[in-house]
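Trainee: Dropping the structure in here first, questions after.
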Amino acid sequence: MTQPSWQSVFSIVLASARMRFLTITRYPGQLVLDTFIPIVFAAMPILLGRAGGGESAAEMFQRNTGTANYVGYLLIGSSVFTIVSFAFWHLAYWLRWEQESGTLEALYLAPVHRIWVAAGTALYSCGRGLFAALTAYFLGALILRFNPLQGELGLALLFILVGFIPLYGMTLLYGAVILKVKEANALVNLMQWGVSFLMGIFFPITIFPPLLKIIALLFPPTWMTNGVRSALLGIGFFLGEWYLDLAVLWGFMLIAPLFGYWVFNHVEINVRRNEGVGQF
Amino acid sequence: MLDNSKRAKVQEGLSIHWHTFWAMARKELTILSRYPIEFIASFGQVFLIVAIFTLAGLMFSDFRDPTASSAAPAQFSYSGVTVYGFILFMFLSDTLWSIGYNIRHEQIQGTLEQLYLSPANKFLNLIARVISILLWTGLASFVAALLMSSMIGHLPIKNPLLGLYILLVSLSGTFGIGFAFAALTIRIKEAAQTAANFLQFIFLILCANFFPFSALPPFLRFFSRLLPTAYCVDAFRSAMMGFPPGFPELAPFEIEFIIVTLFGIFMPIIGYRLYRASERYARQAGTLSGY
């Protein structure tokens, strides 16, 4: 059988993404909610801090995190979390949805590799996640009254864009778990909170015990979050300079997708040899 | 006075309802027990939520130096405010999803129409879900309370009986919200997922589950005062914390007590009526199994 051309592959990726974008435009309420959830999420520790810390809230926060701008710090955390969380939700649910609707088996019989269909879902997820994170950040800044245009906006965006690839590489690992265990709901929920904890959504990972800190540093979203915060609020990069932190993310960019694909492939072969991918 | 035959009929009716309810509750519990990963994951999730918000709260304190006193010490117990608020939030959130949105699962699986063709009382299907929420969420709340109090400090338990009463009537009212949401789910179908998410976050802010009401801007506090669930949160944690200065925050406790009691009595009735109306509409319009 002849391999599909790059043009066909590109067309498959776009068609898969377009289908999902079309579906979400039918639920405009969900898009509005995507923007508001990170704001509400960040508002909770902000309000708790203001109520408990009083006038010294900013001072205390600076002592613990390196910036007195706690509103910006927490809002950046929840906005980046939206991107990370969407990546896991969309990829895992795509797989589970194909399983439940009985089309996953059919997808394996199609003349194109399913990785390109998954890439279309990832493209959709990137677009939706980025839209939600940016609108949440700017709207949140307007509501919670802080200047969103401070710091290096371009550098912050670069950290996000570079972080996308290792992030989606990691979702393949997660997809492998869904393929094997099948209980997507519970696992995605757990992963969502696990991810936010490890990436330091509302706190710096320096407060973690050494072992947990190492685990957090092996996790690309941690570098993404800190990179964005450092670029915008100047809290300090992990390795002192922005290009060193970015270099680590580039390293992840090479390793994470390959490793994720290898694990996914391995699990997939195993599942196909046993019960088959149509089981759910 | 009922004669013997009428009494026997009533008894038989009650017995049938009880057996139906128990069969439905057992079905929910069996499903629950068949997904151990979900069970374990939900506890892991509770632990992580607790850890995230606790650590976020600690960023506003001198936690690295236990001997230092904060320049502006809080006038309330952090653990009391967040733990008791979190317990009520967990019940509200689980109610919205398990009672309200689960109707959607029955629709998608194609079992809702069949359920309506059976001679069983349909409303018992909704109530049966309460049992699994009480068990599952109750256990998760207990674990969360233990975890949170171990992380942020001693949890005040000042008026346990009064607190228990407020918790029970609050849960009753919350289940009423669940029934009303189930009615909405039948009408709006897939959009119910968005609505559940939206409501969950609206309640989270307006009911101030993780912070005192005083932290809310005045215009939002106005909307909080329109929600009975906000009074539930305020009355429950104020009672459990032993009414520290400034608590309750929304209204005098006597008034909150009346509101919470009325909410616990009337909301399930209102929710039930809304559910029946929505169900009747769907049956007449032939949209019960449509999704």
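The values are calculated or read from the model by the stated rules, or taken from the named source; none is laboratory data. Everything quoted here is computed from the prediction, not taken from an experiment. Neighbour counts run over all protein chains shown; Cβ positions are idealised from the backbone, glycine included. With ligands, DNA and RNA removed, areas are computed over all heavy atoms of the protein, side chains included. Shrake-Rupley method; radii C 1.70, N 1.55, O 1.52, S 1.80 Å.
Trainee: B:Gln193: of a type in the set (S, T, N, Q), more than 16 Å from the chain's Cα centre (by Cα), under 23 Å from A:Gln30 (Cα atoms) and within 14 Å of chain A (Cβ to nearest Cβ), yes or no?
Mentor: Spelling it out, B:Gln193 is indeed of a type in the set (S, T, N, Q), more than 16 Å from the chain's Cα centre (by Cα), under 23 Å from A:Gln30 (Cα atoms) and within 14 Å of chain A (Cβ to nearest Cβ).
Trainee: Further question: Report, by residue number, each residue of the stretch A:163-185 that is open to solvent by less than 10 Å² (accessible area, probe 1.4 Å) and either under 16 Å from A:Met253 (Cβ atoms) or of a type in the set (A, V, I, L, M, F, W, C) (or both).
Mentor: A:Gly163, A:Pro166, A:Leu167, A:Gly169, A:Thr171, A:Ala176, A:Ile178, A:Leu179, A:Ala184
Trainee: Something else about it: Only one of A:Ala15, A:Ala51 is away from chain B (no Cβ under 14 Å), open to solvent by 10 Å² or more (accessible area, probe 1.4 Å) and in a helix (DSSP H, G or I). Can you tell me which?
Mentor: So the residue among A:Ala15, A:Ala51 that is away from chain B (no Cβ under 14 Å), open to solvent by 10 Å² or more (accessible area, probe 1.4 Å) and in a helix (DSSP H, G or I) is A:Ala15.
Trainee: Now for a separate question. Restricting to the stretch B:115-126, and then to whatever is part of a helix (DSSP H, G or I) and either buried (at least 20 other Cβ atoms within 10 Å of the Cβ) or free of Cβ contacts under 8 Å to residues at least 40 places away in the same chain (or both), can you tell me which residue is nearest to the chain's Cα centre (by Cα)?
Mentor: B:Leu126
Trainee: Could I ask something else about it? Among what's in the stretch A:1-11 and is open to solvent by 40 Å² or more (accessible area, probe 1.4 Å) and in contact (Cβ under 8 Å) with a residue 24 or more places away in the chain, pick the residue that is farthest from A:Ala119 (Cα to Cα).
Mentor: Looking at residues that are open to solvent by 40 Å² or more (accessible area, probe 1.4 Å) and in contact (Cβ under 8 Å) with a residue 24 or more places away in the chain, I get A:Met1.
Trainee: With the checklist (1) in a helix (DSSP H, G or I); (2) surrounded by fewer than 24 Cβ atoms within 10 Å (Cβ to Cβ) in hand, flag the one item A:Val112 doesn't pass.
Mentor: Result: A:Val112 fails condition (1) only.
Trainee: Looking at (1) within 14 Å of chain A (Cβ to nearest Cβ); (2) under 23 Å from B:Ser42 (Cα atoms); (3) more than 15 Å from the chain's Cα centre (by Cα), which is the only condition B:Leu184 fails?
Mentor: Going through (1) within 14 Å of chain A (Cβ to nearest Cβ); (2) under 23 Å from B:Ser42 (Cα atoms); (3) more than 15 Å from the chain's Cα centre (by Cα) one by one, B:Leu184 breaks only (2).
Trainee: Has the stretch A:263-276 got any residue that is under 18 Å from the mean Cα position of the chain (by Cα), closer than 21 Å to A:Ala122 by Cα and open to solvent by 30 Å² or more (accessible area, probe 1.4 Å)?
Mentor: no
Conditions (1) within 30 Å of B:Arg187 (Cα to Cα); (2) touching a Phe, Trp or Tyr at 6+ places or on another chain (Cβ under 9 Å), marked per residue:
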| site | (1), (2) |
| --- | --- |
| B:Glu249 | no, yes |
| B:Glu254 | no, no |
| B:Ile270 | yes, yes |
| B:Arg276 | yes, yes |
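Trainee: Something else: Output the residues belonging to the stretch A:57-70 that are open to solvent by 10 Å² or more (accessible area, probe 1.4 Å) and either assigned to a helix (DSSP H, G or I) or at the interface with chain B (Cβ under 10 Å from one of its Cβ atoms) (or both).
Mentor: Across the stretch A:57-70, the qualifying residues are A:Ala58, A:Glu59, A:Gln62, A:Arg63, A:Asn64, A:Thr65, A:Tyr70.
Trainee: Continuing with the same structure: If a residue has to be within 14 Å of chain A (Cβ to nearest Cβ) and aliphatic (A, V, I, L, M) to count, how many in the stretch B:209-229 make the cut?
Mentor: Adding up the residues that qualify gives 3.
Trainee: Scan (1) within 30 Å of B:Ser98 (Cβ to Cβ); (2) under 18 Å from the mean Cα position of the chain (by Cα) for the single condition A:Leu179 breaks and write down its number.
Mentor: (2)
Trainee: Hey, does the stretch B:146-167 have a residue that's in contact with a Lys or Arg (Cβ under 8 Å, 6 or more places away or on another chain), in a helix (DSSP H, G or I) and either open to solvent by 50 Å² or more (accessible area, probe 1.4 Å) or free of Cβ contacts under 8 Å to residues at least 24 places away in the same chain (or both)?
Mentor: no
Trainee: Right, here's the next one. Inspect the stretch A:86-101 for any residue being within 28 Å of A:Ile24 (Cα to Cα), among the acidic types (Asp, Glu), touching a Leu at 6+ places or on another chain (Cβ under 8 Å) and part of a helix (DSSP H, G or I) and give the result as yes or no.
Mentor: yes
Trainee: Right, another one. What residue, of A:Gly194, A:Gly260, A:Gly227, A:Gly200, is free of Cβ contacts under 8 Å to residues at least 24 places away in the same chain and either in contact with an Asp or Glu (Cβ under 7 Å, 6 or more places away or on another chain) or open to solvent by less than 40 Å² (accessible area, probe 1.4 Å) (or both)?
Mentor: It is A:Gly194.
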